[in-house]
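The values are calculated or read from the model by the stated rules, or taken from the named source; none is laboratory data. Quick caveat: nothing in here was measured; it's all calculated off a predicted structure. For neighbour counting, all protein chains shown are included, and Cβ atoms are generated from backbone atoms with ideal geometry for every residue, glycine included.
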């Protein structure tokens, strides 16, 4: 019961916080589709460069899975990295 009261208190306090800016999708572009199954993606900023990392394989639970790291992909209209 105490845990529930703490949760209610936290949610009631955060209800009055100002809303963060809403994210907007500006562009969608496929950067990889060479494996039958690609999942568990992550986008990492490291030393001012974007890296896209994910698992690829024949299926979701397949023994042939491997990690794929894609180095920065530049958008043709500018210098924004796209991963």
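Here are the numbers:
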| item | result |
| --- | --- |
| Any hit, region 16-25, residues being at pLDDT 85 or above and surrounded by 12 or more Cβ atoms within 10 Å (Cβ to Cβ) | no |
| Matching residues, region 68-83, being at pLDDT 80 or above and touching a strand residue (DSSP E or B) at 6+ places or on another chain (Cβ under 6 Å) | 68, 69, 70 |
| Residue count, region 48-59 (criterion: under 18 Å from the mean Cα position of the chain (by Cα) and modelled with pLDDT of 85 or more) | 6 |
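To keep it simple, each residue is scored yes or no on (1) out of contact with any strand residue (DSSP E or B) (no Cβ under 9 Å at 6 or more places or on another chain); (2) at pLDDT below 80; (3) at positive phi; (4) exposed (fewer than 12 other Cβ atoms within 10 Å of the Cβ).
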{"residue": "8", "(1), (2), (3), (4)": "yes, yes, no, yes"}
{"residue": "34", "(1), (2), (3), (4)": "no, no, no, yes"}
{"residue": "46", "(1), (2), (3), (4)": "yes, no, no, yes"}
{"residue": "63", "(1), (2), (3), (4)": "no, no, no, yes"}
